[in-house]
Amino acid sequence: MLLERLASLAALGATAGGIDRALFTAAERAAREQFVRWALADGLTVEQDRVGNVFARLGGVEPGAPVQCGSHLDTVKDGGAYDGAYGVVGGLEALRRIAASGERPRRALEVVAWAGEEGSRFPLGCLGSAVYAGLTPYDDACALIADDGEAFESALRGPNGLLEGVAVRDGFPPPAAYVELHIEQGPVMERAGARLGIVSVIAGQRRFRVAVDGVAGHAGTVPMAARADALCAASEIVLAVERAALDAGDTVATVGHLVAEPNQTNIVPGRVVLRIDLRSVDDGRIEETELRIRAHAAKIAARRGVAVEIETIEARATVPMETRMRLLVRAACLALDPQTITLPSGAGHDAMCVANVAPAGMIFVPSIGGRSHVGDERTAPADLDLGVEALAATLLAAAAAPWPT
Ligand code: GLV
Ligand code: MN
Ligand code: MN
């Protein structure tokens, strides 16, 4: 069931290079609709909130806040079949196995499909979980503008937004506890021979939008010494970003998005807009690297006679996983895989936001070749299955644990 469901989701938004399921596009909506159909077929009750997060619930013996798991159904451009989808489909599978075992969990269990984790359409990652956790006000989310020009609020109300026939609840109380199952997206577990991983901390991240304004002109007539070429300046900034991360150590920085205008062979580029993604599990290094990047950019701008403006579009501090959840995840994982390791997450996850309102933990399974955010993302089927076993055991243990709510 797990593999079949993952394969059928992978067909939604399939491209020549991978999968394209940006938030509130037809493919992403189809994935949410599929999630709802599966959840209902599994006997779960389904609701959504005002930003498109979808909640599927299995009742528990006692009342009180549920124990949640979940992840996201959106993908990056040309993304893979497991990033996000595995945590959602794996969550359904864990609940299905728990229900089939005849054991009723002490608390209700929920699987959540969080809206827009990747930030690939609207300029904010973990959008749905950030609103849920009170980190982003609903009105601020509504005002976000996608790269294609559409406002979040209009997309939400449009044909690919909120689902028809699914109750919309205004605000869900926080869960008693949260655990997210995810592929590692890096090479550490594979190298260690571990099939399960306990996440210690999720790296902090900052994202910046940098606008470089020079002077456009004729590529054949403007003398080299008289140019203010925005793309040449931007190129130096890209290299300065790389240098700053290397100098800081234990820090990664990427310019993965760059648009030159007017982008024509015989015109000196007048304007470039690029985005920087900066991460580390040490918030001090992030701060230090940001300061270095800003200083380098200012020097490059002055030397080249261009204007550089840097705007922070996202800032999330490093998030440690909660101690009790780590212990529950550890017990579940070690019982299934004695080679289980503990490792930090370089990637961001919805657990970063949910951790703001509930004890949160994460379980990783290995990524073959460490490949992710690419079409050939893979995890061995047996490892996918083992991760679901670890999730089910963690959910049952967390449902029996004495949380205050
Ligand atoms: C999401 O996958 C991120 O870490 O950017
Ligand atoms: Mn993900
Ligand atoms: Mn991702």
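Structure above, values below:
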| quantity | calculated |
| --- | --- |
| Val306 vs. criteria more than 16 Å from ligand 1 (Cβ to nearest atom) and either within 26 Å of Ala10 (Cβ to Cβ) or buried (at least 17 other Cβ atoms within 10 Å of the Cβ) (or both) | yes |
| All positions within the range 145-159 that are touching a strand residue (DSSP E or B) at 6+ places or on another chain (Cβ under 8 Å) and either open to solvent by less than 50 Å² (accessible area, probe 1.4 Å) or without any contact (Cβ under 8 Å) to a residue 12 or more places away in the chain (or both) | Ala151, Phe152 |
| The range 346-360 - residue that is more than 15 Å from the chain's Cα centre (by Cα) and surrounded by 21 or more Cβ atoms within 10 Å (Cβ to Cβ) and, of those, farthest from ligand 3 (Cβ to nearest atom) | Pro359 |
| Gly387 being over 14 Å from Arg195 (Cα atoms), in contact with a strand residue (DSSP E or B) (Cβ under 9 Å, 6 or more places away or on another chain) and either part of a strand (DSSP E or B) or open to solvent by less than 40 Å² (accessible area, probe 1.4 Å) (or both) | no |
| Residue that is surrounded by the fewest Cβ atoms within 10 Å (Cβ to Cβ) [pool: residues in the range 100-133 that are in a loop (DSSP other than H, G, I, E, B) and away from ligand 3 (no atom under 16 Å from the Cβ)] | Gly102 |
| Within the range 163-185, tally of residues that are within 16 Å of ligand 2 (Cβ to nearest atom), open to solvent by less than 10 Å² (accessible area, probe 1.4 Å) and not β-branched (Val, Ile, Thr) | 4 |
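Let's see how each residue does on (1) farther than 30 Å from Val388 by Cβ; (2) over 30 Å from the mean Cα position of the chain (by Cα); (3) open to solvent by 60 Å² or more (accessible area, probe 1.4 Å):
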{"residue": "Ile198", "(1), (2), (3)": "no, no, no"}
{"residue": "His218", "(1), (2), (3)": "yes, yes, yes"}
{"residue": "Ala230", "(1), (2), (3)": "yes, yes, no"}
{"residue": "Ala234", "(1), (2), (3)": "yes, no, no"}
{"residue": "Leu239", "(1), (2), (3)": "yes, no, yes"}
{"residue": "Asp250", "(1), (2), (3)": "yes, no, yes"}
{"residue": "Val255", "(1), (2), (3)": "yes, no, no"}
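The values are calculated or read from the model by the stated rules, or taken from the named source; none is laboratory data. Quick caveat, the model's predicted, so the values are computed rather than measured. Reconstructed Cβ throughout: ideal geometry from the backbone, glycine too, with neighbour counts over all protein chains shown. Each accessible area value is taken on the protein alone, full model and side chains, heavy atoms only, with ligands, DNA and RNA left out. Shrake-Rupley method; radii C 1.70, N 1.55, O 1.52, S 1.80 Å.
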